Amino acid sequence: MKFIKFLFVGVVFGIVLVKSEAVSWYRIYEMFRFESFHMYGIIGSAVITGVLLMLITKKFKFKNIEGGFMSVPDKEKGLVRYIVGGTLFGLGWALSGACPGPMYILVGTGVFSIIIVILAAILGTYVYGVLRDKLPH
Amino acid sequence: MDYILQPWPWYVAGPMMALIMFTLIYFGKTFGMSSNLRTFCTIAGAGKKAKFFDFDWKAQRWNLTVVLGAVIGGFIAHFLLSVPTDMDLNPVTVESLSQYGFENVGKSLLPAELYSWDAVLSLKGLSILIIGGFLVGFGTRYAGGCTSGHAITGLSNLQVPSLIAVIGFFLGGLIMIHLLFPLIFG
């Protein structure tokens, strides 16, 4: 039963991204052509709200349900991995129109061919894991 | 009820995404959907091949539950909370796609030119989905996160690595749409 809250979070996540059309290939294409504010509005207002929520969290030292302070672990320092990895991700995101959340959500909307993208993404992650020690980070 | 059935504006969706991130932090977790791809590799036995996958995947069951919920949420939103609506895309966007031979632009979430079974069963269509998915999976793990982990969680916490990753996301997207699309679809 302790997982039910995570199921609920996932359901809300799926509903929001479908209802806002952020799972749509067309919206991603339109965003990268700078022809609509819609996606920038979603990401921008999410980040602004998120920044405010995290500032309030730190200021008032909110605790999580496990009793510790609410916080996010810092990302490791680096440059190459973020810019190269990010660019490769962006190429795939614009081509397939799906990032790692929407690809599952789209299965729920009945587009089963997206499963090919999911399997290919799992393969891509696997290849990264195998090559990891040989790549600059 | 009509407000729910119509597409939701950005100023509803964006803050709700931040609340989802906040809720997961409240539960002692971090919002990051791409981590599940690594978990799937581990479940499939990749830990024997590479140390990167040698971890206790059961600690990630909560995240797999979010994935399951996301599938259910996609179903609910699409089949129960929507009326058939054409997407309100920029006419310039629609025109540019029709020049690439895309028809019925914005009448479904995904273009039939890429995601219909006819497209999938062609060499070009299948290659697009496999290459696109592979780049997403490889790139997100190399960059240590995706749109949820970097663009929303990382930027909300003012993390410089996430800003660099998001700049990379856009660099890649712009290269794909402006330089490679004319070669792929032109």
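Below are the figures for this structure:
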| quantity | calculated |
| --- | --- |
| Some residue of region B:108-121 being at the interface with chain A (Cβ under 7 Å from one of its Cβ atoms), at positive phi, in a loop (DSSP other than H, G, I, E, B) and not charged (D, E, K, R) | no |
| Test result for B:Leu163, at the interface with another protein chain (Cβ under 7 Å from one of its Cβ atoms) and either in a helix (DSSP H, G or I) or touching an Asp or Glu at 6+ places or on another chain (Cβ under 8 Å) (or both) | no |
| Odd one out for B:Ala59, checked against (1) free of Cβ contacts under 8 Å to residues at least 24 places away in the same chain; (2) at the interface with chain A (Cβ under 7 Å from one of its Cβ atoms); (3) in a helix (DSSP H, G or I) | (2) |
| Residues within region B:37-49 that are facing another protein chain (nearest Cβ under 7 Å), free of Cβ contacts under 8 Å to residues at least 40 places away in the same chain and surrounded by 18 or more Cβ atoms within 10 Å (Cβ to Cβ), tallied | 3 |
| Helices (runs of 4 or more DSSP H) within region A:34-113 that include 1 or more residues at the interface with chain B (Cβ under 7 Å from one of its Cβ atoms), surrounded by 23 or more Cβ atoms within 10 Å (Cβ to Cβ) and touching a residue at least 60 places away in the same chain (Cβ under 8 Å) | A:80-96, A:102-108 |
| Candidate set: region B:62-101, residues that are touching a residue at least 60 places away in the same chain (Cβ under 8 Å) and more than 7 Å from every other protein chain (Cβ to nearest Cβ); chosen: the one nearest to A:Glu35 (Cα to Cα) | B:Asp88 |
| Selection within region B:143-186 - small (Gly, Ala, Ser) and under 16 Å from A:Cys99 (Cβ atoms) | B:Ala143, B:Gly144, B:Gly145, B:Ser148, B:Gly149, B:Ala151, B:Gly154, B:Ser162, B:Ala165, B:Gly168, B:Gly172, B:Gly173 |
| Failed condition for B:Gly139, given (1) farther than 22 Å from A:Gly101 by Cα; (2) facing chain A (nearest Cβ under 7 Å); (3) assigned to a helix (DSSP H, G or I); (4) not hydroxyl-bearing (Ser, Thr, Tyr) | (1) |
| B:Ala151 vs. criteria among the small types (Gly, Ala, Ser), free of Cβ contacts under 8 Å to residues at least 12 places away in the same chain, farther than 15 Å from A:Leu91 by Cβ and part of a helix (DSSP H, G or I) | no |
| Unique match (being assigned to a helix (DSSP H, G or I), aliphatic (A, V, I, L, M) and either surrounded by 15 or more Cβ atoms within 10 Å (Cβ to Cβ) or touching a strand residue (DSSP E or B) at 6+ places or on another chain (Cβ under 9 Å) (or both)) among B:Met17, B:Met33, B:Met87 | B:Met17 |
| Which listed residue, of B:Leu64, B:Leu97, is touching a helix residue (DSSP H, G or I) at 6+ places or on another chain (Cβ under 9 Å), assigned to a helix (DSSP H, G or I) and more than 20 Å from A:Ile115 (Cβ to Cβ) | B:Leu97 |
| Residue check, A:Asp133 facing chain B (nearest Cβ under 7 Å) and either assigned to a loop (DSSP other than H, G, I, E, B) or out of contact with any strand residue (DSSP E or B) (no Cβ under 9 Å at 6 or more places or on another chain) (or both) | no |
| Residues of region A:77-97 classified as of a type outside the set (Phe, Trp, Tyr) and either in contact with a Pro (Cβ under 7 Å, 6 or more places away or on another chain) or modelled with pLDDT under 95 (or both), total | 3 |
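The values are calculated or read from the model by the stated rules, or taken from the named source; none is laboratory data. Just so you know, these numbers come straight off a predicted model, no measurement behind them. So basically every Cβ, Gly included, is an ideal-geometry build from the backbone, and we count neighbours across all protein chains shown.
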